[in-house]
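See below for the structure under consideration.
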Amino acid sequence: MKRFFATYNLPVGLDLALLLIRLVVGYAFILHGYGKIQHPMNWMGPESTTPGFLQLLAAFSEFGGGIALALGLLTRLASIGILCTMAVAVYTHAVAMGDPFMNPKGGSSFEPAAVYFCVAVVLLAAGAGRYSLDKLFFGDRANLK
């Protein structure tokens, strides 16, 4: 388990880029998830057919995952939660609702969910970087046997 959260020994520039991505995306997910975590079982409203438990998972992955990303704590686990939530969001907007990838008129689209999905894939693959609590608690992969 320690190896899963341990960081790679990357060049400083890449670690700074990972820090910037984690802080910005983490903050965005804290904001996106804050209202949902207030009513985690029914944030989609009474007309939703999505079970309350799945709404709870989405609210927790956004709010808790945002905090985890910003801190660089359990980053890969948080990325898995966000990746799953964004996969559902992409499917919902692209397939179920028929939204375009990008709406030039400012309406609904699946572009933001697709971008967040891709960021989650990058953070799952790369980890948190050296400027993180993952580095402090789990160390560097190069030093693990």
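The numbers here are math on the coordinates, done by the rules we state, and not lab data. Predicted model only: the values in this text are computed from it and were never measured.
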For K135, counting only aspartates and glutamates whose alpha-carbon sits under 20 Å away and dropping same-chain residues fewer than eight positions off, the answer is D15
Among the Cα-Cα pairs of the stretch 75-141, the proportion with separation greater than 16 Å, in percent, is 53
Over all pairs of different Cα atoms in the chain, the reciprocal of the mean inverse distance gives a Kirkwood radius in Å of 15.9
Partner aspartates and glutamates whose C-alpha sits under 14 Å from that of K36, ignoring same-chain residues fewer than 8 away, are E62
Relative to the chain, whose Cα atoms define the longest principal axis, helix 75-91 and its Cα axis are tilted in degrees, nearest 10, by 20
